[in-house]
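> Here it is, the structure in full.
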Amino acid sequence: AGLSASRALPSLRRELAHRGDFDACLILLGANDVLSAPTEPIDGMLEALRALHVECRSRGLRSIAVGFPDHPAFAASGLRGSGALAAINDRIRDEAGADGFIDPHGMLPRAAHWSADRVHMTAEGYRTFGAALAAPVARLLLPERRTERAGRRAGERVLRSREGK
């Protein structure tokens, strides 16, 4: 939604109330959170993420935390090699209070996935990310025996929509 986790709760409530029935909600700690880390400590971000997951679960939705992707800002700042990204994602996995966690490491490997502002994804980046999330989401939401087939079908739908078919 383009909001930091600390400002997203009212928007999440509105969306859940007005958009109909959902089975699950994926919550991504994004650039608006992590890149403001010098002014907002990780503990505050995690508290805000927990509130978002609590809201989803209180409405009967499965709540899935998506870790922070391998963002170009980490390479530019030297944080990628320091383990900071893995530490952030470990804390999200362990402390966000979600029903499941997806580590997005490696899902957006190309520079073309990031816009010129080096903060947000491009349209291609969002498509690639969505396709890469399909199988892990299916594994978290569907019974074991249907997971692989459903993830593959979801990925095929994304690819067909990309090709305009």
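> Just grab the label-to-label distance for residue 19 and residue 57, each label 7 Å out from Cα along the Cβ direction, in nm (one decimal).
Result: 2.1 nm between the two label points.
> May I pose another question? With a 10 Å radius around each residue's Cβ, average the other Cβ atoms per peptide and rank 108-119, 59-70, highest first.
My ranking of the peptides, most packed first, is 59-70, 108-119.
Bear in mind these aren't lab numbers, they're just calculated from the coordinates by the rules spelled out. What you see is a predicted model, and the numbers here were worked out from it, not measured in a lab. Methodologically, a virtual Cβ is constructed for each residue, glycine included, from the backbone with ideal geometry; neighbour enumeration extends over all protein chains shown.
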